[in-house]
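J.: Quick one: the structure is below, questions incoming.
Every read-out reported here was derived from the displayed coordinates using simple, explicitly stated rules and does not represent laboratory data. Owing to the predicted nature of the structure, the values given are computational and were not obtained by experimental measurement. Here Cβ is always computed from backbone atoms with ideal geometry, including for glycine, and neighbour counts include all displayed protein chains.
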Amino acid sequence: MWRHQCRYHPDANEIPDNDVDENCDGDLETTWYEDFDEDTYGNSDVSQVAVDAPAGYVANADDCDDEDAN
């Protein structure tokens, strides 16, 4: 069972982070933020949109200094 709804068309563009599957492929796209210092807080200036988190990326953009894990 899907946790979201397919509301549009298979050729529709996905809009990340809205919990709607616009293109009806069963996947939700999310914005992921680079976590260079591996403190679990991401850099809002470096992001990727993907279904699953790329290596070295996290779901939040709350890092104030991504070169310092403290």
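J.: At a Förster distance of 30 Å, what's the computed FRET efficiency of residue 11 paired with residue 55, Cβ-Cβ distance as r, to 0.05?
T.: 0.50
J.: So for the chain, taking the charge dipole from beta-carbon charges (+1 Lys/Arg, -1 Asp/Glu), which of 23, 46, 57 sits furthest toward the positive end?
T.: 23
J.: Ok, one more. Under 5 Å between amide H atoms, partner at least 5 residues away or on a different chain: which partners does residue 44 have, H built in plane at 1.01 Å?
T.: Those qualifying (amide H under 5 Å, at least 5 residues apart or on another chain) are 63.
J.: Counting Lys and Arg as +1 and Asp and Glu as -1, each charge on the Cβ, what is the dipole of the chain about the Cα centre in debye, to the nearest 20?
T.: 600 debye
J.: Now for a different question. What FRET efficiency would be calculated for the residue pair residue 68, residue 18, taking the C-beta separation as r and a Förster radius of 35 Å, to the nearest 0.05?
T.: With a Förster radius of 35 Å, E is 0.60.
J.: Same structure, new question: For the ranges 11-21, 57-67, 30-40, what's the packing order if you count other beta-carbon atoms within 10 Å of each residue, average per peptide, and put the highest first?
T.: 30-40, 57-67, 11-21
J.: Out of (1) 13.0; (2) 13.9; (3) 11.9, which label holds the value of Kirkwood radius over Cα pairs in Å that was computed here?
T.: Evaluating Kirkwood radius over Cα pairs in Å on these atoms matches (1).
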